[in-house]
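Okay, structure first, notes after.
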Amino acid sequence: MLLLQVWAFVYVQNPTGGVFEGDHLITSVIAQAGARVHLTTQSATKLYRTENAPARQELRFVLGAGAYVEHLPDRSFHTPDRGSPRL
């Protein structure tokens, strides 16, 4: 007997495409018992320079019994400071 697992595929999108000074981004995932979730982002995230207020990004996961969450975000990278060479 073949048992199929049902997965939810979730794409987290940030319309600005980056994390800016003063941002506080929170992603909360609650996976109930037995849930299967693949969580990713739509593209790479730029981390912009901050001078006056820090930027924060938090990930919160709560898993029920037997739940499985696969978190595979695309890469994040710092933007170069003014006057520095591009990477």
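The values are calculated or read from the model by the stated rules, or taken from the named source; none is laboratory data. All values reported here derive from a predicted model rather than from experimental measurement. Quick reminder, even Gly has a Cβ in these numbers, built from the backbone with ideal geometry, and neighbours come from all protein chains shown.
Consider Ala65 carefully, then state whether it is at pLDDT 95 or above and either charged (D, E, K, R) or part of a loop (DSSP other than H, G, I, E, B) (or both).
yes
Of all residues in region 1-15, which are among the polar types (S, T, N, Q) and surrounded by 12 or more Cβ atoms within 10 Å (Cβ to Cβ)? Walk me through it before giving the result.
Of the residues in region 1-15, the ones among the polar types (S, T, N, Q) are 5, 13-14.
Hit for region 1-15 is Asn14, nothing else.
How many residues does region 11-54 hold that are out of contact with any Phe, Trp or Tyr (no Cβ under 6 Å at 6 or more places or on another chain) and assigned to a loop (DSSP other than H, G, I, E, B)?
Count: 20.
Restricting attention to region 38-58, which residues are of a type in the set (A, V, I, L, M) and under 19 Å from Pro15 (Cβ atoms)?
Correct list: Leu39, Ala44, Leu47, Ala55.
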